[in-house]
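Peer 1: One structure is given below, represented as C-alpha cells, and several questions about it will come after.
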Amino acid sequence: MKKVIVIGAGPAGIAAAYKLSKEGAEVKVFEASPYIGGMSRSFDLWNQRVDLGPHRFFSKEPKVNDFFDEIIKDDYTIVNRITRIYYNNRFFDYPLKLFNVLSNLNPFVIVSILYHYCRQRLFPIKNPKSFEEWVTNRFGYKLYSIFFKNYTEKLWGIPGSKIDADWAAQRIKGLSLTEAVINSVKGNKGNKHKTLVDVFKYPKNGTGALYDKAANSIIENGGVILKEYPVEELIIEDNVCKGIKTVDGEVHYADNVVSSMPITSLIKGIYNVPNDVIEANSKLYFRNTILVYLEINRDDLFKDNWIYIHSPQVKHGRITNFRNWCPSLNGTSKSTILCMEFWAFDNDDIWSATDEYLANKAIAELKELNLIDKNEECKKHKILRVPKCYPVYETGYKKHLKTIEQFLNSIEHLMPIGRYGAFKYNNQDHSILMGVLAAENILHDKGVDLWEINTDTEYQEDGEVKDVLIQ
C-alpha cells in the first residue's frame, strides 16, 4: 500500500486523493484553510447557495468526465450559458453576434476596426511576445482596445504589453476575426471554440458539491483530510521527498508527496535551494481576488449568468448573478445574490480597504452601469478576500518557471499540480486532470509529464494531446 501526502484540498488535490484512495493508497490531505474545494468551493449565504464567482464544468476528456459522473451521478443540471460584455455603456452578446455588434457600435468605429484589422494583416508583428502584440496581430489594435485591453489589464494589474503572449495563445488560440464573424452570422450554432461554449454541467448544490462529495468518498475509502493544517516544510533526503513538516512541528512521512500549494510557497519550504532557483521564484507572483456579495430585493435584475465588465470607469471586472444558474441554489428566496469581482495585489489600497467601503463602492458601480435602479437598496453584503488566485503571466515568466520546474523535477517522489502548484492558469477541469494523472503516475508508473497539462491541452486515453478543453 502506497502512502501519499496531498497538500491542498482544491480541485487538483481532491482529484488526486480521490483517485489514490479509490485504488487502495493510504492518503492524507493537508489543507491550510477550513474549506474543501479551493477556488471552486460553494457555501450558504442568506438562505441561498453561492460559489466563489462563476465556475462551469465542460470537458471532452474521459478521465475528467468520469470523475464528475462517478461523484455527482445525476445530481446536476444543464445550464444554458448567457453572458455579455459591458463596454461604452452598451451590452454586447458573448459570443459576439453580428447584428448585435453592428447595432452597438457606430459606423466610424466599425470602419476603424476593419481598417486596423486589414492594416495588421498587411504588416503583422513578427514573433509577438506580449498579449497586446498577439491579439493586435490577430484582430487589429482597435478591436483589441475595445474587447480585450481593459478587462485583461484589470484582471492582471499590469499593461497588456507586459503580459506574456502565452495568455492569449491559451485562451483564444484558433479564433480569428473571420471565424468570429462567420460564427456570429450562424448564430454561433456548432461553435466549438473553448471560450464560447454555451451549455455546461452544473451540480445542483453548487460547484463545490463535486469536491465535498469527493472528500466524503476519500474518507469512506480510509483517507484522512486535515483542514486548517498548513504545511511548513518538505522533508527531502538525497533528492527524495520523504514527507512534510506541518506548522505545529510534526513530521509526516510518505512514499510520495503531491503538492497543490502555491509553487512560490513550496520553494520557500525547501532547504538548500540553489540561488538561481530562489531568484527565479522571486520573479513569480499571484493576483488576489476580492469578492463582494450583495443581496438585492428583486429576482429579475438581468438574464446573464455573468457579465464581463470592460468599462474602464469602474474597478470591478466581472459580475455573477446566482439567480440565473440553478433554481436549487435559490431555495424559496425571492432576492438575488450578485458577486462582483475586484482584483488586487497585496500592496494595493483596495486589498486592505474596509468591508463597508468595498460594499458601497460595489453598489455605486452597479448603479453607474444601470444594473440596479438609482434608488435601489442593498439588503446585505459580504466580503471575501481570496489571496493568490491567478498566476501572473508577466512577459518572461516562462524562463523563471522553467528554472523552478527543472529543480523540482530533480526531487524524486514530489509532484506539483494544479493552478497554484504548477503556476498555470488552469480551470477546474485541467486541475482535476492533473490530479487524476498524478495519481496514475504514482499507482501505475504512467510517466506522464504533468507540466504539460495546460489550458490548451487534453490527454486522451491514447496519450494524444489535443486542443479541446473548454474554459
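Peer 1: Does Val199 satisfy the condition of being under 24 Å from the mean Cα position of the chain (by Cα) and either at negative phi or at pLDDT 95 or above (or both)?
Peer 2: Taking the combined requirement at face value, the residue satisfies it.
Peer 1: Additional query: Condition (residue is aromatic (Phe, Trp, Tyr) and under 19 Å from the mean Cα position of the chain (by Cα)) applied to the stretch 282-291: is it met by at least one residue?
Peer 2: yes
Peer 1: Please work out if Lys283 is surrounded by fewer than 19 Cβ atoms within 10 Å (Cβ to Cβ) and touching a helix residue (DSSP H, G or I) at 6+ places or on another chain (Cβ under 6 Å). Outline the logic, then answer.
Peer 2: Numbers: surrounded by fewer than 19 Cβ atoms within 10 Å (Cβ to Cβ): yes; touching a helix residue (DSSP H, G or I) at 6+ places or on another chain (Cβ under 6 Å): yes.
Taking the combined requirement at face value, the residue satisfies it.
Peer 1: Filtering the stretch 357-414 down to residues that are within 30 Å of Lys303 (Cα to Cα) and of a type in the set (Phe, Trp, Tyr), which residue is surrounded by the most Cβ atoms within 10 Å (Cβ to Cβ)?
Peer 2: Out of the qualifying residues, it is Tyr390.
Peer 1: Val64 fails exactly one of the following numbered conditions: (1) surrounded by fewer than 20 Cβ atoms within 10 Å (Cβ to Cβ); (2) assigned by TED's automatic domain parsing to the domain that holds Ser217. What is the number of that condition?
Peer 2: Every listed condition holds for Val64 apart from (1).
Peer 1: Considering each residue of the stretch 98-118, count those that are touching a Gly at 6+ places or on another chain (Cβ under 7 Å) and either of a type outside the set (A, V, I, L, M, F, W, C) or more than 22 Å from Ser311 (Cβ to Cβ) (or both), and give that number.
Peer 2: 2
Every residue, every condition in (1) at pLDDT 90 or above; (2) over 21 Å from Asp198 (Cα atoms), yes or no:
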| site | (1), (2) |
| --- | --- |
| Leu45 | yes, yes |
| Phe57 | no, no |
| Lys60 | no, no |
| Asn65 | yes, no |
| Lys73 | yes, yes |
| Ile85 | yes, no |
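Peer 1: Let me ask something else. Consider Ile296 carefully, then state whether it is touching a strand residue (DSSP E or B) at 6+ places or on another chain (Cβ under 7 Å), in contact (Cβ under 8 Å) with a residue 12 or more places away in the chain and over 29 Å from Lys28 (Cα atoms).
Peer 2: In short, yes.
Peer 1: Identify all residues within the stretch 23-40 that are surrounded by 23 or more Cβ atoms within 10 Å (Cβ to Cβ) and part of a loop (DSSP other than H, G, I, E, B); write none if there are none.
Peer 2: Within the stretch 23-40, Ala25, Ile36, Gly37 qualify.
Peer 1: Ok, one more. If I go through the stretch 75-123 residue by residue, how many of them are buried (at least 16 other Cβ atoms within 10 Å of the Cβ), of a type in the set (D, E, K, R) and not in a strand (DSSP E or B)?
Peer 2: Of the residues in that region, 2 qualify.
Peer 1: Given Asn205, Asn239, Asn183, which one is modelled with pLDDT of 75 or more and crowded, with 18+ Cβ neighbours inside 10 Å?
Peer 2: Asn205
Peer 1: Same structure again: Name every residue in the stretch 336-356 that is crowded, with 20+ Cβ neighbours inside 10 Å and either free of Cβ contacts under 8 Å to residues at least 24 places away in the same chain or over 22 Å from Met39 (Cβ atoms) (or both), in order of residue number. Give the steps one after another, and end with the answer.
Peer 2: Applying the first criterion (crowded, with 20+ Cβ neighbours inside 10 Å) to the stretch 336-356 yields 336-343.
Selection gives Thr336 alone.
Peer 1: Does Tyr271 count as of a type in the set (Phe, Trp, Tyr) and touching a residue at least 40 places away in the same chain (Cβ under 8 Å)?
Peer 2: Taking the combined requirement at face value, the residue does not satisfy it.
Peer 1: Let me ask something else about it. Give the residues of the stretch 124-143 that are closer than 21 Å to Asn106 by Cα and either modelled with pLDDT under 90 or assigned to a loop (DSSP other than H, G, I, E, B) (or both), sorted by residue number.
Peer 2: Phe139, Gly140, Leu143
Peer 1: Is it true that Tyr18 is assigned by TED's automatic domain parsing to the domain that holds Ala215 and touching a helix residue (DSSP H, G or I) at 6+ places or on another chain (Cβ under 6 Å)?
Peer 2: yes
Peer 1: In the stretch 1-13, what residues are more than 14 Å from Met415 (Cα to Cα) and in a helix (DSSP H, G or I)?
Peer 2: Of everything in the stretch 1-13, just one residue is more than 14 Å from Met415 (Cα to Cα) and in a helix (DSSP H, G or I), namely Pro11.
Peer 1: Within the stretch 206-214, does at least one residue satisfy the condition of being among the aromatic types (Phe, Trp, Tyr), touching a Pro at 6+ places or on another chain (Cβ under 9 Å) and either in contact (Cβ under 8 Å) with a residue 60 or more places away in the chain or under 22 Å from Leu52 (Cα atoms) (or both)?
Peer 2: Within the stretch 206-214 (the criterion being among the aromatic types (Phe, Trp, Tyr), touching a Pro at 6+ places or on another chain (Cβ under 9 Å) and either in contact (Cβ under 8 Å) with a residue 60 or more places away in the chain or under 22 Å from Leu52 (Cα atoms) (or both)), the answer is yes, since at least one residue qualifies.
Peer 1: Then there's this: Where in the stretch 322-439 are there helices (runs of 4 or more DSSP H), lying wholly inside it, with at least 1 residues that are aromatic (Phe, Trp, Tyr)?
Peer 2: Values: elements: 327-330, 355-368, 397-409, 418-421.
Passing ranges, in order: 355-368, 397-409, 418-421.
The values are calculated or read from the model by the stated rules, or taken from the named source; none is laboratory data. This is a predicted model, so every value here is computed, not measured. Using ideal geometry, Cβ is built from the backbone for each residue, glycine included, and neighbour counts are taken over all protein chains shown.
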